[in-house]
Amino acid sequence: MFLVKGGMLIDPAAGIKAVRDILLQDGRVVEIGEHLEIPEGAEVYDATGKLVTPGLIDVHVHLREPGLEAKETIASGTRAAAMGGFTAVCCMPNTNPVTDSLALVEAVQSIVRRDGAVRVFPIGSITKGSAGQELAEIGDMAQAGVRAVSDDGKPVSRAEIMRLALEYAKMFGVTVISHCEEQSLAGDGVMHYGPMSAMLGLKGIPAAAEEVMVARDIILAEASGARLHIAHISAKGSLELVRAAKARGVKVSCEVTPHHLSLSDEAVSGYSTSTKVNPPLRSLEHITALRQGLADGTIDCIATDHAPHTLEEKAVEFAAAPFGLVGLETAVPLILDMVRNNELDIERAVAALSSNPARIFGLPGGTLRPGSPADLTVIDPDLELVLKPEDLKSQGKNSPFLGMALIGFPVLTMVEGKVVMRDRNLLVD
Amino acid sequence: MWKRKDLLGIKELSADEINQILDQAVPMKDIIKRDIKKVPTLRGKSVINLFYEPSTRTRTSFELAGKYLSADTVNIAVSTSSVVKGETLIDTGKTIDVMGADIVVIRHQASGAPHLLAKHIKAKVINAGDGAHEHPTQALLDLFTIKEAKGAFEGLTVTILGDILHSRVARSNIWGLSKLGAKVRVAGPSTLMPPGIKEWGVEVYHRVEEALEGADVVNVLRLQLERQQKGLFPTIREYARQWGLNARRVALAKPGALVLHPGPMNRGVEISPDVADGLQSLITEQVTNGVAVRMAILYLMSGGGVADVPR
């Protein structure tokens, strides 16, 4: 038995924002109350002054295993997740080989059973090898528990393939996650297209490259009645399209990354490759729109797009470096920053990090109602840490926030009743 | 005294720093005109030219600038170096660094490459052109050429004509001219204009005639012919007709307006041969001034002060 005592419980799905004690046993939430008695033999965690939330869920991470273990492994990536307060992550299929079949989904699941520190839900690819030509065996993968498919990292360029994917995935209740990027517009751009890219002499990726494909995919989702989820939304126009589609009743959801909410293209000015990410860090008007979209509920989920790379891969000229930055271990302080600035309700923030992803992708957790899985996160909203590369549990040190003081970190991560991180220390081997 | 470790761009320089270089280039130009073009100022210093892109004039200019000042200069042509074996820029830089290089002059196709190098080596770094970002020494020699002919920058209108989007020369010139008080116009097709360029404090023109009216200086940019294949403008012929500088167009500028071009020229495309070789052209003078300006930069960056100017 485990009792989390005296914390400010934020459980948006249950409509609770109050100081509560939470009793957990055998991997389930047993009871929630104002002053629960300490049962005999129960371990007690004093959460006074801290936030207690349903276990955080990140629906967009790259764990890189199998095939790209120099960047990250399921072991290191899930440890980074535990440090970041995440009890579950959905891993993207752009490994080597691409997770595009039942056998490969099961391979990932078996590594997770052996090495995983938190829950991992593999996302299958939309097309074979994510090559954009033929549909992957989505039905088979759905039987192995896959709840969503994506060719993330690459767009599905052919509209007809996307149409077929939406029609086909719908039969199995699988959501199609779209990485929206019209490649003829994105070209070989490396940052947001605008005055900053012009000044730095770097090729730009216009907001239109994303917006054009968001429009296409919404139209296709509407026609098929299938479920569409827009990955890492970054442009103002995309958001307006999603807002209008939701108003029409289209089954569309979307996610935003903490870095797109907190960094602008000005961060690229020193040519630091940790700021090279796709979609690119946008200009202020886009950031303002994204923050607004998260606050008003147009954006459903906060997802990190955690994308580790090796130091060597990133220690090159800006144009030559791979896209991506690590996000699992910095998401909570970055989002709490918006809460502190009164730009975002804490309930909305927690919903976007737990109940919304659970609902959209049909994942366990997302609430601490009695009977729910004992997936829980405790956050110290005042804990201030200067981010150092050696403190990151991810193998990837490609964070644009290194050296910065961030405030508000998870101090307890519990997965199915098992404490995997406590007081910033991992409790898994 | 020169305080900056590296010379990476004009954008971060102050007007004072720019003027310091321009002033220093005056006595350096005298050295070039001598029969014996050698002073011992940089004896015992080493200057490495690390060029990842083809270059004749910039590389030779730096090499001669170093030699006239008695520095030991070494050219590394990337096509015959360990770069072709996959060595990274940082590793190449560190290798040169530990051989005792004092200054590394780098030309690279990637914007920001000199910044990456400067972060990782002890030697001073001079940007000799990085991608579409900056070409500070070209801008400084353009500024020097303008100053020699016009005396000052206040009140001058300078028109930069051509492919602004891909031009590091344009960027460095815009920053430099603006800092020194000149008014800058840019002209060219909208498909070759960088996004948000109006925010840089320049006037943007798409009709060349309007851009030239009343200009004191026209700086014509080289048109990279492969841009046409990417569809950025329809044909070379149309480009030449719409935006090429010819005698009729030069006549729209102020009498005695200067014509500059960073070279190498596409004669008959961005500039007509009669203008390139005409009385108002300072294109060859620019090349001479390039050596003088680079001597000034090498000298200042090696710790020379204005007080001990070699005469």
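The values are calculated or read from the model by the stated rules, or taken from the named source; none is laboratory data. A quick note: this is a predicted structure, and the numbers were derived from the prediction, not measured. In this analysis, Cβ positions are derived from the backbone assuming ideal geometry, glycine residues included, and neighbour counts consider all displayed protein chains. SASA here: full protein model, heavy atoms, side chains in, ligands and nucleic acids out. Shrake-Rupley method; radii C 1.70, N 1.55, O 1.52, S 1.80 Å.
Brief remarks follow.
- Selection from segment B:212-229 of residues that are in contact with a Gly (Cβ under 9 Å, 6 or more places away or on another chain) and either over 17 Å from B:SER172 (Cα atoms) or not charged (D, E, K, R) (or both): B:ASP216, B:ASN219, B:VAL220, B:LEU221, B:LEU223
- Flag if A:ALA136 is in contact with a helix residue (DSSP H, G or I) (Cβ under 9 Å, 6 or more places away or on another chain), at pLDDT 95 or above, buried (at least 24 other Cβ atoms within 10 Å of the Cβ) and more than 23 Å from A:THR257 (Cβ to Cβ): yes
- Restricting segment A:194-215 to residues that are touching a Leu at 6+ places or on another chain (Cβ under 9 Å) and facing chain B (nearest Cβ under 10 Å), the residue that is nearest to B:VAL169 (Cα to Cα) is A:ALA198.
- Residue that is farthest from A:ALA320 (Cα to Cα) [pool: residues in segment B:77-100 that are within 13 Å of chain A (Cβ to nearest Cβ) and without any contact (Cβ under 8 Å) to a residue 24 or more places away in the chain]: B:ASP91
- Checking the stated criteria, B:SER55 turns out to be polar (S, T, N, Q), part of a loop (DSSP other than H, G, I, E, B) and under 28 Å from B:MET265 (Cα atoms).
- Residue that is modelled with the highest pLDDT [pool: residues in segment B:89-123 that are crowded, with 20+ Cβ neighbours inside 10 Å and of a type in the set (Ser, Thr, Tyr)]: B:SER111
- Any hit, segment A:284-301, residues being within 14 Å of chain B (Cβ to nearest Cβ) and either surrounded by fewer than 21 Cβ atoms within 10 Å (Cβ to Cβ) or in contact with a Pro (Cβ under 6 Å, 6 or more places away or on another chain) (or both): yes
Residue-wise test of (1) modelled with pLDDT of 95 or more; (2) open to solvent by less than 70 Å² (accessible area, probe 1.4 Å); (3) among the acidic types (Asp, Glu).
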{"site": "B:ALA215", "(1), (2), (3)": "yes, yes, no"}
{"site": "B:VAL220", "(1), (2), (3)": "yes, yes, no"}
{"site": "B:GLU226", "(1), (2), (3)": "no, no, yes"}
{"site": "B:GLN229", "(1), (2), (3)": "no, no, no"}
{"site": "B:LEU232", "(1), (2), (3)": "no, yes, no"}
{"site": "B:LEU245", "(1), (2), (3)": "yes, yes, no"}
{"site": "B:ALA253", "(1), (2), (3)": "yes, yes, no"}
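- Residues satisfying the stated conditions in segment A:100-131, i.e. open to solvent by less than 40 Å² (accessible area, probe 1.4 Å), part of a loop (DSSP other than H, G, I, E, B) and out of contact with any Cys (no Cβ under 8 Å at 6 or more places or on another chain): A:ASP100, A:SER101, A:GLY116, A:ALA117, A:VAL118, A:SER125, A:ILE126
- Residues satisfying the stated conditions in segment A:202-226, i.e. of a type in the set (D, E, K, R) and either in a helix (DSSP H, G or I) or surrounded by 22 or more Cβ atoms within 10 Å (Cβ to Cβ) (or both): A:GLU210, A:GLU211, A:ARG216, A:ASP217, A:GLU222
- Per-region count, segment B:136-173, residues under 17 Å from B:ALA292 (Cβ atoms) and either among the polar types (S, T, N, Q) or surrounded by 21 or more Cβ atoms within 10 Å (Cβ to Cβ) (or both): 11
- Helices (runs of 4 or more DSSP H) enclosed by segment B:239-311 - at least 3 residues per element that are hydrophobic (A, V, I, L, M, F, W, C): B:283-301
- For segment B:171-195, residues that are closer than 23 Å to B:GLN242 by Cβ, within 13 Å of chain A (Cβ to nearest Cβ) and part of a helix (DSSP H, G or I) total 3.
- Among the strands (runs of 3 or more DSSP E) confined to segment B:64-170, the ones with at least 1 residues that are touching a strand residue (DSSP E or B) at 6+ places or on another chain (Cβ under 8 Å) and under 25 Å from B:GLY181 (Cα atoms) are located at B:124-130, B:157-161.
- Test: residue in segment A:153-160 that is touching a residue at least 12 places away in the same chain (Cβ under 8 Å) and within 22 Å of B:ALA113 (Cβ to Cβ): no
- Restricted to strands (runs of 3 or more DSSP E) entirely inside segment A:6-90, those with at least 2 residues that are open to solvent by less than 50 Å² (accessible area, probe 1.4 Å) and modelled with pLDDT of 95 or more are A:16-25, A:28-33, A:51-54, A:56-61.
- Pair list, Cβ < 7 Å and 6+ apart or interchain, from segment B:2-22 residues that are without any contact (Cβ under 8 Å) to a residue 40 or more places away in the chain to residues that are aliphatic (A, V, I, L, M): none
- Condition met for A:ALA374 (touching a Lys or Arg at 6+ places or on another chain (Cβ under 6 Å) and under 26 Å from A:ASN425 (Cα atoms)): yes
- Subset of segment A:156-179 [outside any helix (DSSP H, G or I), in contact with a helix residue (DSSP H, G or I) (Cβ under 8 Å, 6 or more places away or on another chain) and either open to solvent by less than 10 Å² (accessible area, probe 1.4 Å) or under 17 Å from A:PHE361 (Cβ atoms) (or both)]: A:VAL156, A:PHE172, A:GLY173, A:VAL174, A:THR175, A:VAL176, A:SER178
- Qualifying residue in segment A:409-428 (condition: acidic (Asp, Glu), within 22 Å of the chain's Cα centre (by Cα) and assigned to a loop (DSSP other than H, G, I, E, B)): yes
- Residue in segment B:105-124 that is over 23 Å from B:ILE271 (Cα atoms), more than 14 Å from chain A (Cβ to nearest Cβ) and without any contact (Cβ under 8 Å) to a residue 60 or more places away in the chain present: yes
- Matching residues, segment B:196-209, being assigned to a loop (DSSP other than H, G, I, E, B) and modelled with pLDDT of 95 or more: B:VAL202, B:HIS206, B:ARG207
Per-residue answers, yes or no, for (1) open to solvent by less than 10 Å² (accessible area, probe 1.4 Å); (2) touching a residue at least 24 places away in the same chain (Cβ under 8 Å); (3) in a helix (DSSP H, G or I); (4) more than 30 Å from A:THR95 (Cβ to Cβ):
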position	(1), (2), (3), (4)
A:LEU328	yes, yes, no, no
A:LEU334	no, yes, yes, no
A:MET338	yes, yes, yes, yes
A:PRO370	no, yes, no, yes
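- Criterion: within 21 Å of A:LYS393 (Cα to Cα) and among the acidic types (Asp, Glu) - qualifying residue of A:ASP140, A:ASP115, A:ASP152: A:ASP115
- Look at (1) modelled with pLDDT of 95 or more; (2) assigned to a helix (DSSP H, G or I); (3) within 14 Å of another protein chain (Cβ to nearest Cβ) and you find that B:LEU22 fails only one, number (3).
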